[in-house]
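Working notes, beginning with the structure itself.
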Amino acid sequence: FLALSLIAGCSSGGVNSKAESGNTIKVGLNFGLSGAAATYGQGSVEGIELAFEEINKNGGVLGKQIELAKYDNKSEDTESANVSTKLATRDKVVAILGSDTSGSTKAAIPAAMQNKIPIISPSATSDDVTVDSHGKVKDYVFKTCFNDSFQGIMMAEFAYTDLGYKKAAIL
């Protein structure tokens, strides 16, 4: 809710002010609802729809109802890029939620950045989703999961400290 309020507040008069017409704020969903990552996408979309339904019942965000533009990227990177472009240029959303894997999120980023639309992934973990190869933070790109490198360090520390494992093998 806080992230959506921030997006809605920042979008007034911005690039996609058309997505904030009347009493609605249009948010795009770019998830794999079919294909190899469908379990991630389906679960994410069901949770998002439930949350937005509740938010809308309670007056919406800044007095506006949230309208969803939902597409299936078929768990394919190329389709995720196509969906991101469609959401940014045709649907004129104020934000894109998704995608569900690091690869499909990275494929969706160029269209979001080019159109200055925030993109937020709930499950991308690759270190280079939010930063480029020079360590510069990418504009408009966010994720809610920890980076793979951080998860690896924490898992090793847990295995060593809490479980007492003193040796490890990397396969």
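Worth pointing out:
- Estimated FRET transfer efficiency (S133, A168; beta-carbon r; R0 30 Å; 0.05): 0.55
- In the range 56-156, the trypsin sites (Lys or Arg not before Pro) that fall in loop regions by DSSP, at most 13 other Cβ within 10 Å: R90, K116, K136
- Calculated P(r) of the chain - Cα pairs past 30 Å, %: 23
- Placing V131, V141 in order of accessible area, with the largest value first and a 1.4 Å probe, yields V131, V141.
- Stretch in the chain that is longest and holds no chymotrypsin sites (Phe, Trp or Tyr not before Pro) that DSSP places in a loop and that have at most 14 other beta carbons within 10 Å: 2-145
- Assigned charges on the beta-carbon of Lys, Arg, Asp, Glu; the range 55-171 dipole about Cα centre (debye): 360
- Restraint check, K136/K167; K57/K138; K116/K136, Cα-Cα greater than 27 Å: K136/K167; K57/K138
- Dipole axis of the chain (+1 Lys, Arg; -1 Asp, Glu on Cβ), positive-most option in M154, G47, I109: I109
- Normalised contact order of the range 39-171, rounded percent, pairs of Cα under 8 Å and 6 or more residues apart: 16
- For the range 19-116, the percent of C-alpha pairs falling in each 10 Å distance bin, counted from 0 to the bin holding the largest distance, reads 18, 47, 30, 5.
- The Kirkwood radius of the range 76-171, taken over pairs of alpha-carbon atoms, gives through the Stokes-Einstein law at 4 °C and 1.567 mPa s a diffusion coefficient of 89 µm² s⁻¹.
The values are calculated or read from the model by the stated rules, or taken from the named source; none is laboratory data. This is a predicted model, so every value here is computed, not measured. Heads up, the Cβs are rebuilt from the backbone with ideal geometry, glycines too, and the neighbour counts pull from every protein chain shown. Quick note on the areas: whole protein, heavy atoms, side chains included, nothing else; ligands and nucleic acids left out. Shrake-Rupley method; radii C 1.70, N 1.55, O 1.52, S 1.80 Å.
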